[in-house]
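Only the coordinates and a few stated rules stand behind these numbers; no lab work does. These figures come from a predicted structure and were not determined experimentally. Using ideal geometry, Cβ is built from the backbone for each residue, glycine included, and neighbour counts are taken over all protein chains shown.
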Amino acid sequence: MPSFPIVDSHVHLWDPSLMRMTWIEGNPTLDRAYLPTDYRAHTADLDIAAYVYLQVEVEPVYALIEARWAAGQAGVDPRLSAVVAYAPLGDGAPARTYLDDLVKITPLLRGVRQVTQGFPDVEYVARPRFVEAARSLSDYGLSCDICVKHPQLQAVVRLVEACPDVAFVLDHIGKPDIADGLIEPWATQVRRLAASPNVCCKISGMVTEADHQHWTPGDLRPYVETVLEAFGEDRVMFGGDWPVVLEAATYRRWIDTLDALTTGLSPSAKRKLWSDNARRFYRL
C-alpha cells in the first residue's frame, strides 16, 4: 500500500433495483447493489482520498438518470469527486443534443464514455460518426474514456489522432489477453497510441483479464512494464475497477500487487501514478 493517500480513477457504484443492467444479471458476484457504504467498507483499511465514478452500462434509457444518481452519491461519500457519464458517441452530430442536457446535470461531470469493448465492428471508434461526436467533446470541456479490447486498439489510434484537442484515457490498458499471456500485437499498438500526447492510460482492470482463480503478479508484470515505458510517469493512473475487480481479487490485493510491481518507480513517479495524474486529468 502506498504511504500516502491515493486517488482511484475508476470506481463503479450501482443499484440494479433502480436501473437495469443486463450485463450483470445472474452474476453471483456483481448482481447486487454496490453503494458508497459498501465501498467504504471495502476500503476501511485503505487511505483513499478521492475517486472518480465511471458509468456502469445501465440500459441507455436510464443513462441520464444514472448521471443524476451518481452525482447524488457524492452527498453520501464526498470522496466521489468526479463523474464520467455515458454518451452516445456513435451517433455522431446528434450526440450534441444529449451532451447539451448531460452537462446541465452536475458540476462534477468531467468526461464521458461509450463502452465499445463488445462491439463486433473493431473499427467502430474510428468511424466518421464516432469521431465527429468525440471531436465535439472539447467544446464541452469533457474528456473521453475509451473502453475497448486489444483488437480494437488500431482504431483507437486513429481516433485520438483525429481528435488532437480532446483528452482521452485508455481504460484497463486496452484489455489485453493476459490469461493467455498475449503480448503482441497489443504492446506495439499501445506504443503507437502513446505517441499521441493527448492520451493517458489507466492501469486498471488487469486481474479480470487474467485467470481469475490462478493469476500471479508475474502474469501482470510485462503488461505494467510496457504501459509505464510507453506512456511515461506523467500519463498513467491507478484504477481500482471496484467492484468488477472482485471477480478476480479483493480491492486490497490488487492495490498491493500494483504497489509491488511498481516499487522501482521514484517517489515522485509513484505519487503521479497513485494520485497526481488522476487529479490533473479529471480536474479534481
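Details
- Highest-MSF residue in the chain out of 103, 236, 52 [GNM, Cα springs under 10 Å]: 103
- Beta bridges by DSSP in the chain, antiparallel share as percent, to the nearest 5: 5
- Computed packing ranks the peptides 76-83, 93-100 as 76-83, 93-100, most packed first, by mean other Cβ atoms within 10 Å.
- Extent along the principal axes, Cα only, for region 6-281: 46, 40, 37 Å, with the longest axis given first.
- Environment charge of residue 265, counting only residues whose C-beta is closer than 13 Å and scoring Lys/Arg +1, Asp/Glu -1: -3
- Other-chain or far-sequence residues with amide H under 5 Å of residue 200's (modelled H): 168, 169, 170
- Summary of the geometry: region 214-230 and region 1-62, compared by the centres of their Cα atoms, lie 24 Å apart.
- Cα-based Lys proximity count in region 6-281, under 16 Å, for pairs eight or more positions apart or on separate chains: 5
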